[in-house]
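A short reminder: the numbers here are calculations on the coordinates, not readings from a lab. Quantities reported herein were computed from a predicted structural model and do not represent experimental measurements. As a convention, Cβ positions derive from the backbone with ideal geometry for all residues, glycine included, and neighbour counts pool all protein chains shown.
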């Protein structure tokens, strides 16, 4: 299915260029080791961004992502203390995430409330719940956690894909199929493109809304699982602000914030660009960490302006 | 002749409005049946009933003789009734294929088979003679192509009735000709087609039969030969029954320095260039059928629509029309849809008046509360607005009083030219007469008034001159004794 590949192509070009800049500046930067690290470090964020991408494509927004990541972590750590296997608690939390998302979607559609407000409430609710579970950082002690961390797929050039990166790719593959090979995916694009027309064309608006937020919740919960395993702990402040990073990754990945235009794989490259910027600045060593956010901000600006131009080209309306 | 789709004695009431009253309508296979009527005649309601967007309170809908009941547009579609609207109801960001396939995606092994969808999309479009890249987003194509894609979507193998609601409204002449050709071809294939257009030439070019609605009732049905334009216009406007000519104040001819001169003002695709002159103290009417360009002319003069040809002079000064420039030079505009464009319904009369004045004065020179109160009560008295006090939200007033509040807002800035678009739309008879008298009085005080209206009686009562419009062009100007219903309608209908 040919869609507007232009923004994604730009994203990939930016990624390659940044990577090249890193290679020119620092020895050993241009390696599969760095690439594997970026993927490993940002896997949880990219997973959450994949879910956010669906929500944004449908014309909505989900602010509860970061709190979901934190909540999943503390609950898993708590259950770990009760002797649960992390896979069992992960399964429970992923179901919880999907259910929580579905509730948000239902409220948004049924009560006709802006998704911003509903998911903002979700943000507060889940963050508060984190503190109800624990005020401190709790460790995940189950042996599975270290087994999980030990899994790695070697890459040519000495690097490797860690288990979290592998999980992320699996999540991405499923998402690509959902987006581009199911009628639900087509409905999401239609709804984000023009809600009224979509409804007239027979798109089930309520079911699609509920499903898309459920999917968003599921992916952010899965991101939370990966984050908990990656850090082998649950911390009530974990994932603070991750929703904004996820949205940034989605936008950098070429998805229009107003919905309807974008590709699911965009979230991968958007998330990797954010990770790459952080890595570049860390490599430098002398630069203040604040530059990570500043560079990300500048890049976002550039992308938004570029997208604006793209949207203009899609509406020739009065072209004579 | 057997009818493919048939509506018998349909009635529909919305709160306060009898939208349809005992209307019969039937379309045979291989027939193009035009549905005609002014705003509020009941066309949309009838279409909604046919396409499942509304259900009738009474009456029966039959398809090929079988009684049907459509609970939703999907029901109607499944039964073979397709519809295409003036606004292309497709998603511009989706590809052409997706737009055509959505809701009936072909599947293979449980997953969407886009290859098959593309093949089907090309096939559907080819039937209409359209060869485009179905992989590109719909939004990159012209409205004409989008309209054809919408038609392709409405046409299934089992579609037997096609409703086209103002399909040519945004098309140019060549595109319209192509669309009409396609309609003829579909008719040849045995489809029953309902065609709605305010372009009478298109209606006469394509229709086999006409049905005319007015105020929710069927007032005429027949072939184009039986209902020629000269007969159609009175039917639509409903004057043949009310032959009583209103006694009207003799129109005066105004000479001297005009306050407003439009020369060759126009906008491509919207309004052919026209000339119009307004003198102080003169009331000029704009008459024409729905879609003739009344509102567009008014907006071009005010600057709410940007003209791409011609010039506008106000009091001898040549200006580049824009709402800001017009307001600054004392031109006030009261739009047709007062709820959407004219008034802040939640704000009180006083606040609405204050906003108009304040924006003219600039925000630094605040209008004192006492001053606001004084102006508001002055206006309430001068215009006879029925309200307990100036603090009542405008939205809670009756239609007539809302319109007066709109007028008050326009008048408080002491304009020299007042442009009114449908000043009596949706208000009751008593208030109607009051507004008409008010307009006359304002003109008598030296204001130049331009009134665009679909109501002939109203125009005849207020106008010193009447400009007649047809199909987005000025086609005549009447003054003096010529301002009567027969002459105006003849001018509207004249080929």
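Hey, what does the equivalent ellipsoid look like for region A:6-310, semi-axes from the Cα gyration tensor as sqrt of 5 times each eigenvalue, largest first, whole Å?
On the way: eigenvalues 164, 137, 56 Å².
Each semi-axis is √(5λ); the values are 29, 26, 17 Å.
Once you wrap a convex hull around the alpha carbon atoms of region B:95-167, what is its projected area averaged over all directions, in nm²? Could the numbers behind the result be given before it?
Working: hull surface 20.8 nm².
So the Cα hull casts an average projection of 5.2 nm².
Return one number: the angle in degrees, 0 to 90 and rounded to the nearest 10, between the long axis of the Cα atoms of helix B:369-383 and the longest principal axis of the Cα atoms of chain B.
Result, in degrees: 80.
At q = 0.14 Å⁻¹, work out log10 I(q)/I(0) for region B:3-237 with the Debye formula, treating every Cα as an identical point scatterer and leaving solvent out; two decimals please.
Debye curve over Cα of region B:3-237, log10 I(q)/I(0) at q = 0.14 Å⁻¹: -0.90.
Using the basic label-point model (7 angstrom from Cα toward the beta carbon), what is the residue A:284 to residue A:298 distance in nanometres?
Distance between the two pseudo-spin positions: 0.8 nm.
Taking the alpha-carbon centroid of each part, what is the distance from region B:73-114 to region B:267-330 in angstrom?
The distance from the Cα centre of region B:73-114 to that of region B:267-330 comes to 42 Å.
Arranged from highest to lowest average of other beta-carbon atoms within 10 Å per residue, in what order do the peptides A:273-286, B:145-158 appear? Mind showing how you got there, number by number?
Values: A:273-286: 18.1, B:145-158: 19.7.
Ranking the peptides A:273-286, B:145-158 by packing returns B:145-158, A:273-286.
According to a simple spin-label model (label point 7 Å from Cα along Cα-to-Cβ), what is the distance in nm between residue A:103 and residue B:315?
If labels sit at residue B:315 and residue A:103, their model points lie 6.5 nm apart.
If you take each beta carbon of peptide B:99-108 and count the beta carbons of other chains within 10 angstrom, what is the mean?
Working: counts 4, 1, 2, 10, 9, 2, 6, 0, 3, 1.
Partner Cβ neighbours, averaged per residue: 4.
Would you kindly give the portion of the calculated P(r) for the protein assembly as shown that falls above 54 Å, as a percent of all Cα pairs? Mind showing how you got there, number by number?
Values: 90049 of 331705 pairs.
The proportion of pairs with Cα distances above 54 Å equals 27 percent.
Which three semi-axes in whole Å describe the equivalent ellipsoid of region B:261-329, each the square root of 5 times a Cα gyration tensor eigenvalue, listed largest first?
On the way: eigenvalues 66, 44, 23 Å².
Gyration-tensor ellipsoid for region B:261-329: 18, 15, 11 Å.
Compute the separation of the alpha-carbon centres of region A:265-291 and region B:428-495 and state it in Å as a whole number.
Between the Cα centres of region A:265-291 and region B:428-495 lies a distance of 69 Å.
Listed highest first by mean packing, meaning other Cβ atoms within 10 Å per residue, what order do B:347-354, A:92-99, A:61-68, B:370-377 come in? List each step's numbers first, then the result.
Details: B:347-354: 22.4, A:92-99: 19.5, A:61-68: 28.4, B:370-377: 15.6.
Descending mean neighbour count gives A:61-68, B:347-354, A:92-99, B:370-377.
Determine the percent antiparallel among the DSSP beta bridges restricted to the protein assembly as shown, to the nearest 5. Present the calculation step by step, with values, prior to reporting the outcome.
Numbers: 49 of 83 bridges.
Antiparallel: roughly 60 percent of the beta bridges in the protein assembly as shown.
Could you work out, residue by residue across A:187-199, how many beta carbons of other chains sit within 10 Å of that residue's beta carbon, and then give the average as an integer? Intermediate results must be reported in sequence, preceding the final value.
Details: counts 3, 0, 6, 8, 1, 3, 10, 8, 1, 3, 10, 6, 2.
So the per-residue partner count for this stretch is 5.
Using a Gaussian network for chain A with springs between C-alpha atoms less than 10 Å apart, which of these wobbles most: A:228, A:48, A:179?
The residue that fluctuates most here is A:179.
Hey, got the average number of other protein chain Cβ atoms within 10 angstrom for residues in A:259-266? Could the numbers behind the result be given before it?
Values: counts 1, 6, 5, 1, 0, 0, 0, 0.
Averaged over the peptide's residues, the number is 2.
Distance from the Cα centre of region B:117-178 to that of region B:364-402, in angstrom?
Using only Cα atoms to place each centre, the spacing works out to 51 Å.
Dividing the convex hull volume of the Cα atoms of region A:222-281 by its residue count, what figure in Å³ per residue is obtained? Show your work: numbers first, answer last.
Details: hull volume 6.2 nm³, N = 60.
Here the figure is 104 Å³ per residue.
Using the Kirkwood radius over Cα pairs, work out the Stokes-Einstein diffusion coefficient for region B:260-493 at 25 °C and 0.890 mPa s, in µm²/s as a whole number.
Working: Rh = 17.9 Å.
It comes out at roughly 137 µm²/s.
Distances over 31 Å make up what percent of all Cα-Cα pairs in chain B?
Working: 63362 of 122265 pairs.
Value for chain B (Cα pairs over 31 Å): 52 percent.
Take each of the peptides B:62-68, A:241-247, average the number of other beta-carbon atoms within 10 Å over its residues, and list them starting from the highest. Numbers along the way, then the final one.
On the way: B:62-68: 13.7, A:241-247: 22.3.
Listed from highest to lowest mean packing, they are A:241-247, B:62-68.
For residue B:189 and residue A:82, what does the FRET efficiency come to when R0 = 56 Å and r is the distance between their Cβ atoms, rounded to the nearest 0.05? Mind showing how you got there, number by number?
On the way: r = 71 Å, r/R0 = 1.27.
That gives a FRET efficiency of 0.20.
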